[in-house]
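Shown next, in structure tokens, is the structure this report addresses.
The values are calculated or read from the model by the stated rules, or taken from the named source; none is laboratory data. Computed from a prediction, not measured in an experiment: that's the story for all the values here. Positions of Cβ are generated from backbone atoms using ideal geometry, with glycine treated the same way; all protein chains shown enter the neighbour counts. Heads up: the accessible areas ignore ligands, DNA and RNA and are worked out on the full protein's heavy atoms, side chains in. Shrake-Rupley method; radii C 1.70, N 1.55, O 1.52, S 1.80 Å.
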Amino acid sequence: MTPPSRTPLGLADNYGRVATDLRVSLTDRCNLRCTYCMPEEGLDWLAKPELLTDDEIVRLVSVAVNQLGVDEIRFTGGEPLLRRGLVDIVTRTTQLRPRPQVSLTTNGIGLARQAEALRDAGLDRVNVSLDTVRQDTFQEITRRDRLKDVLAGLAAAHEAGLAPVKVNAVLMRGLNDDQAPELLQFCLDHGYELRFIEQMPLDAQHGWSRDQMVTADEILDMLCDRFGLAATDAATRGSAPAESFTVHGGPATVGIIASVTRPFCGDCDRVRLTADGQVRDCLFARTESDLRTALRAGADDEELADRWRRAMRGKLPGHGINDPSFLQPVRPMSAIGG
Ligand code: SAM
Ligand code: SF4
């Protein structure tokens, strides 16, 4: 039988793309204040009644999996480890059939305590955000002195077998833009897979500027010779946003997610659900579709699936960051779910 994701019953848009990878934000709150993401004082967090409950999250995820052909679920935030019901949500998600791949994007604080329980719940993989291995730089970027906790979280994830443990890094000019080689060496030494993400205009303070961002080309220049980087076969990239390079002939690799300078919108297979139950067809979307109201009004699975399908049809062909008329979305990254 043809899987639903490849039929008009999946989350198809008007440009022929079909979303099969769902990012679910479990909270907009965070215990760090990364300068490229949030202001020092934090944000006005969503009020509890606005947040989907654990049951509501699992219900919408099950609609995505059972009715809409979604086969990958990534839990994110804000900081998803702050969500008390996380292990239970992961358990119930991995019990869905067909079983989706389930992963987590986290800043790693508290992962040392939860890694084993998450693995036992069926979590397949984890991405930990780490922009530096220097304590002073970590404090400058995140405005918190928690590097040790993040490193402990990474080690625990590795130990628990949540492989491959991926590390996400953003380089900021004047803060850590000279640290790409040492970060890569650290990841190679520990068996983690590093991916650099170009800084995007998604911070709540609207402080992003094109002249300041560190580009994929610059990152490659810093790493190419020293680590003998070679591009892996582009054909294997598929819809993965990271361009992958082998290090010294492999098997280790390093990735670069060049959302700004080498957009991959034409191959996008993602859809997002915010912690308050809004579907977003793109990180940069300026509109959202409310599923929470219908859910709480008693809509059945077919109706929810139908609303979700309709929400995807208006997905734009590209994010438009490089257009002069580009406007940042109203919600910042931490409230969308990165
Ligand atoms: N708190 C978790 C974490 O930091 O991994 C999950 C949420 S965070 C919004 C998800 C990812 O988005 C992180 O890897 C973070 O580095 C990245 N991120 C946040 N703001 C960004 C920005 N303005 N540009 C590029 N990446 C960003
Ligand atoms: Fe928190 Fe993640 Fe944003 Fe950093 S990037 S402030 S850890 S949500």
Take the residues in the stretch 135-154 that are open to solvent by less than 50 Å² (accessible area, probe 1.4 Å) and away from ligand 1 (no atom under 13 Å from the Cβ), then tell me which one is nearest to N31 (Cα to Cα).
L147
For L202, which of the numbered conditions (1) modelled with pLDDT of 95 or more; (2) within 16 Å of ligand 1 (Cβ to nearest atom) fails to hold?
(1)
Looking only at the stretch 163-204, which residues are open to solvent by less than 40 Å² (accessible area, probe 1.4 Å), within 23 Å of L123 (Cα to Cα) and part of a loop (DSSP other than H, G, I, E, B)?
V165, Y192
All positions within the stretch 294-338 that are more than 23 Å from F75 (Cβ to Cβ) and either within 16 Å of ligand 2 (Cβ to nearest atom) or in a helix (DSSP H, G or I) (or both)
E302, E303, D306, R310, R313, Q328
I'd like the full set of residues that are part of a loop (DSSP other than H, G, I, E, B) and in contact with a helix residue (DSSP H, G or I) (Cβ under 7 Å, 6 or more places away or on another chain), limited to the stretch 249-293.
A252, A258, T261, R262, T274, D276, G277, D281, L283, L291
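Residue-by-condition table, conditions (1) over 28 Å from M38 (Cα atoms); (2) aromatic (F, W, Y); (3) within 16 Å of ligand 1 (Cβ to nearest atom):
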{"residue": "L171", "(1), (2), (3)": "no, no, yes"}
{"residue": "F196", "(1), (2), (3)": "no, yes, yes"}
{"residue": "H206", "(1), (2), (3)": "no, no, yes"}
{"residue": "M213", "(1), (2), (3)": "no, no, yes"}
{"residue": "C224", "(1), (2), (3)": "yes, no, no"}
{"residue": "L229", "(1), (2), (3)": "yes, no, no"}
{"residue": "T232", "(1), (2), (3)": "yes, no, no"}
{"residue": "H248", "(1), (2), (3)": "yes, no, no"}
{"residue": "G255", "(1), (2), (3)": "no, no, yes"}
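Given the criterion away from ligand 1 (no atom under 14 Å from the Cβ), at pLDDT 95 or above, among the aliphatic types (A, V, I, L, M) and open to solvent by 10 Å² or more (accessible area, probe 1.4 Å), identify the matching residue among A64, A112.
A112
Take R74 and decide whether it is more than 13 Å from ligand 2 (Cβ to nearest atom), within 20 Å of L11 (Cα to Cα) and in contact with a Gly (Cβ under 9 Å, 6 or more places away or on another chain).
On the way: more than 13 Å from ligand 2 (Cβ to nearest atom): yes; within 20 Å of L11 (Cα to Cα): yes; in contact with a Gly (Cβ under 9 Å, 6 or more places away or on another chain): yes.
So R74 passes the test.
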Identify, by number, the condition in (1) within 13 Å of ligand 2 (Cβ to nearest atom); (2) surrounded by fewer than 20 Cβ atoms within 10 Å (Cβ to Cβ); (3) closer than 28 Å to R173 by Cβ that W45 doesn't meet.
(3)
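Results for (1) surrounded by 20 or more Cβ atoms within 10 Å (Cβ to Cβ); (2) touching a Lys or Arg at 6+ places or on another chain (Cβ under 9 Å); (3) modelled with pLDDT of 90 or more, shown as yes or no for each residue.
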| residue | (1), (2), (3) |
| --- | --- |
| V279 | yes, yes, yes |
| D290 | no, yes, yes |
| T293 | no, no, yes |
| R296 | no, no, yes |
| D301 | no, yes, yes |
| F326 | no, no, no |
| P329 | no, yes, no |
| S334 | yes, yes, no |
